[in-house]
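Enquirer: Supplied in structure tokens, the structure appears directly below.
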């Protein structure tokens, strides 16, 4: 078996394209897989019908080890986890082999692929709002909605978008892609970093924050109330791209 996603071809080209696109408003969905869609993660891809299942056993954490494909995780009032998997492949005799393992309260989702031109899986997942969520991807957008547990999201090439977040801590990392996250509750800590792409964080306006920003090429705009002694620490860094931290 080979790596869970197809070989990342031309990632340097994508990064360069993202860098150039920043002048025109950032590296977003025109270059990277759009969030909320199931566009195939590569050329000559076909797919079978989506696979849906429910995990009823109690979980405290959900880990998604993606590869090529979009990943959407939404917090719900339910106590169960629902998963829809959409597989893509260029060789119908070698579809990706998906797995879900529930061990000690942690549900881990992932897949493996045999060698072929295109192979990937997109996920749409519903989780109890307050569970910890960790998502990693190589090629594809990550979308996070209405989550209230500790949160980590990382992608090599893709946009990360978070809305309605009430997580006490959140870490977002992309090598080439935009990061946008909006919080409805004051977080204790937020860290967002990307090599190429803009970062926009929207935080509750009633609180004060310790804010640390960094850019090599781009501007930083901070309009939230700041205090060196605030209990909420916000860190945002983009090598090539603007950083915006504003009240919502």
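The values are calculated or read from the model by the stated rules, or taken from the named source; none is laboratory data. Values in this document were obtained by computation on a predicted structure and should not be read as measured data. Quick reminder, even Gly has a Cβ in these numbers, built from the backbone with ideal geometry, and neighbours come from all protein chains shown.
Enquirer: Somewhere in segment 192-213, is a residue within 20 Å of the chain's Cα centre (by Cα), outside any strand (DSSP E or B), at pLDDT 95 or above and crowded, with 21+ Cβ neighbours inside 10 Å? Steps first, please.
Expert: Step one: of segment 192-213, the residues within 20 Å of the chain's Cα centre (by Cα) are 192-203.
Applying the additional criterion that residues be outside any strand (DSSP E or B) yields 197-198.
From what is left, the residues that are at pLDDT 95 or above are 197-198.
Among the residues that remain, those that are also crowded, with 21+ Cβ neighbours inside 10 Å are: 197-198.
Among the residues of segment 192-213, at least one is within 20 Å of the chain's Cα centre (by Cα), outside any strand (DSSP E or B), at pLDDT 95 or above and crowded, with 21+ Cβ neighbours inside 10 Å, which makes the answer yes.
Enquirer: Moving to a separate point now. Scanning for something touching a strand residue (DSSP E or B) at 6+ places or on another chain (Cβ under 6 Å), modelled with pLDDT of 50 or more, surrounded by 13 or more Cβ atoms within 10 Å (Cβ to Cβ) and assigned to a loop (DSSP other than H, G, I, E, B), does segment 5-26 turn up at least one residue?
Expert: No: segment 5-26 contains no residue that is touching a strand residue (DSSP E or B) at 6+ places or on another chain (Cβ under 6 Å), modelled with pLDDT of 50 or more, surrounded by 13 or more Cβ atoms within 10 Å (Cβ to Cβ) and assigned to a loop (DSSP other than H, G, I, E, B).
Enquirer: Which numbered condition trips up residue 140, out of (1) at pLDDT below 95; (2) farther than 21 Å from residue 124 by Cβ; (3) within 12 Å of the chain's Cα centre (by Cα)?
Expert: Going through (1) at pLDDT below 95; (2) farther than 21 Å from residue 124 by Cβ; (3) within 12 Å of the chain's Cα centre (by Cα) one by one, residue 140 breaks only (2).
Enquirer: Kindly indicate whether any position in segment 80-100 is closer than 27 Å to residue 209 by Cβ and touching a residue at least 60 places away in the same chain (Cβ under 8 Å).
Expert: No: zero hits.
Enquirer: Here is a list of conditions, (1) more than 30 Å from residue 213 (Cβ to Cβ); (2) in contact with a helix residue (DSSP H, G or I) (Cβ under 9 Å, 6 or more places away or on another chain), and residue 177 meets all of them except one; can you say which number that is?
Expert: Residue 177 satisfies all of (1) more than 30 Å from residue 213 (Cβ to Cβ); (2) in contact with a helix residue (DSSP H, G or I) (Cβ under 9 Å, 6 or more places away or on another chain) except (1).
Enquirer: Quick check on segment 222-229. Is at least one of its residues without any contact (Cβ under 8 Å) to a residue 40 or more places away in the chain and closer than 22 Å to residue 148 by Cβ?
Expert: Our first condition is that a residue be without any contact (Cβ under 8 Å) to a residue 40 or more places away in the chain; within segment 222-229, this holds for 222-229.
Now drop any that are not closer than 22 Å to residue 148 by Cβ, which leaves 224.
Yes, some residue in segment 222-229 is without any contact (Cβ under 8 Å) to a residue 40 or more places away in the chain and closer than 22 Å to residue 148 by Cβ.
Enquirer: I'd like the full set of residues that are more than 16 Å from residue 69 (Cβ to Cβ) and surrounded by 15 or more Cβ atoms within 10 Å (Cβ to Cβ), limited to segment 104-122.
Expert: Applying the first criterion (more than 16 Å from residue 69 (Cβ to Cβ)) to segment 104-122 yields 104-108, 114-115.
Within segment 104-122, 106, 107, 108 qualify.
Enquirer: Right, something else. Can residue 180 be described as modelled with pLDDT of 95 or more and crowded, with 16+ Cβ neighbours inside 10 Å? It would help to see each step written out before you state the result.
Expert: Details: modelled with pLDDT of 95 or more: yes; crowded, with 16+ Cβ neighbours inside 10 Å: yes.
So residue 180 passes the test.
Enquirer: Tally the residues that are outside any loop (DSSP other than H, G, I, E, B), touching a residue at least 40 places away in the same chain (Cβ under 8 Å) and out of contact with any helix residue (DSSP H, G or I) (no Cβ under 9 Å at 6 or more places or on another chain), restricting the search to segment 139-154. So that I can check it myself, show each step before the final result.
Expert: Going through segment 139-154, the residues outside any loop (DSSP other than H, G, I, E, B) turn out to be 139, 142-145, 151-154.
Next cut, touching a residue at least 40 places away in the same chain (Cβ under 8 Å) only: 139, 142-145.
From the residues that got through so far, the ones that are out of contact with any helix residue (DSSP H, G or I) (no Cβ under 9 Å at 6 or more places or on another chain) too are 142-145.
Qualifying residue count, segment 139-154: 4.
Enquirer: Quickly run through segment 85-103 and pick out the residues that are in contact with a strand residue (DSSP E or B) (Cβ under 8 Å, 6 or more places away or on another chain) and surrounded by fewer than 13 Cβ atoms within 10 Å (Cβ to Cβ).
Expert: Correct list: 92, 99, 101.
Enquirer: Turning to a different aspect of this structure: Quick one: which of 160, 125 is under 10 Å from the mean Cα position of the chain (by Cα) and either crowded, with 24+ Cβ neighbours inside 10 Å or within 18 Å of residue 59 (Cβ to Cβ) (or both)?
Expert: Numbers: 125 fails: under 10 Å from the mean Cα position of the chain (by Cα).
Going through 160, 125 in turn, just one is under 10 Å from the mean Cα position of the chain (by Cα) and either crowded, with 24+ Cβ neighbours inside 10 Å or within 18 Å of residue 59 (Cβ to Cβ) (or both): 160.
Enquirer: Inside segment 161-171, can you point out the residues that are within 16 Å of residue 74 (Cα to Cα) and part of a strand (DSSP E or B)? So that I can check it myself, show each step before the final result.
Expert: Residues of segment 161-171 that are within 16 Å of residue 74 (Cα to Cα), as a first pass: 161-167, 170.
Those that are within 16 Å of residue 74 (Cα to Cα) and part of a strand (DSSP E or B): 161, 162, 163, 164, 165, 170.
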